[in-house]
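Computed from the coordinates by the stated procedures, all read-outs in this text should not be read as laboratory data. Keep in mind it's a predicted model, so treat the numbers as computed, not measured. Note that we place each Cβ from the backbone using ideal geometry, even for glycine, and neighbour counts take in every protein chain shown.
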Amino acid sequence: MKNFSWRSYWSLFLSIFSMPFLFALMYGLIRIHPYFGFFLVSLSIIVSLIFGVIAVFKDTEKNSLAVLAIIIAFGSGAFFVFALLMSQMSGPTEL
C-alpha cells in the first residue's frame, strides 16, 4: 500500500517555507545577515526539490504530494531569482 513518507512532507514544508521566510527577511522581521538569509532560502528550495524528486521516484510512495511540492519549489525558485535580478536592475547610484 502506498503512503506519503517524511520526504514528501518535508519537501512540501520546505517549498512553502521559503517564500514567507524571504518576505520576513526583506521587511526586517528577521534580523540576520541578508546573504545568510538568501543562502537559507536557496538551500530550502534546493533541498525541497531533492526530497521531491526522491519521493517521486520511490515505488512505495504516493506521488501527488511530492509533485505538488516540486511545482511550488520551482515557482518559489523562479520568484526568488526574479526578485534578485530585479533588485540589481537599477545599477550603481554612485557618481
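Applying the set (1) within 18 Å of Ser87 (Cβ to Cβ); (2) crowded, with 17+ Cβ neighbours inside 10 Å to Gly28 leaves exactly one unmet item: (2).
Out of Ser11, Ser42, Ser5, Ser76, report the one residue that is surrounded by 16 or more Cβ atoms within 10 Å (Cβ to Cβ) and in contact with a strand residue (DSSP E or B) (Cβ under 7 Å, 6 or more places away or on another chain). Before the answer, list the steps.
Values: Ser11 fails: in contact with a strand residue (DSSP E or B) (Cβ under 7 Å, 6 or more places away or on another chain); Ser42 fails: in contact with a strand residue (DSSP E or B) (Cβ under 7 Å, 6 or more places away or on another chain); Ser76 fails: in contact with a strand residue (DSSP E or B) (Cβ under 7 Å, 6 or more places away or on another chain).
Checking each option against the conditions leaves just Ser5.
For the stretch 24-53, the set of residues classified as of a type in the set (Phe, Trp, Tyr) and in contact with a Leu (Cβ under 8 Å, 6 or more places away or on another chain) consists of Phe38, Phe51, listed by residue number. I'm trying to understand the selection: among the residues of the stretch 53-74, which are among the small types (Gly, Ala, Ser) and closer than 9 Å to Ser8 by Cβ? Across the stretch 53-74, the qualifying residues are Ala55, Ser64, Ala66, Ala69.
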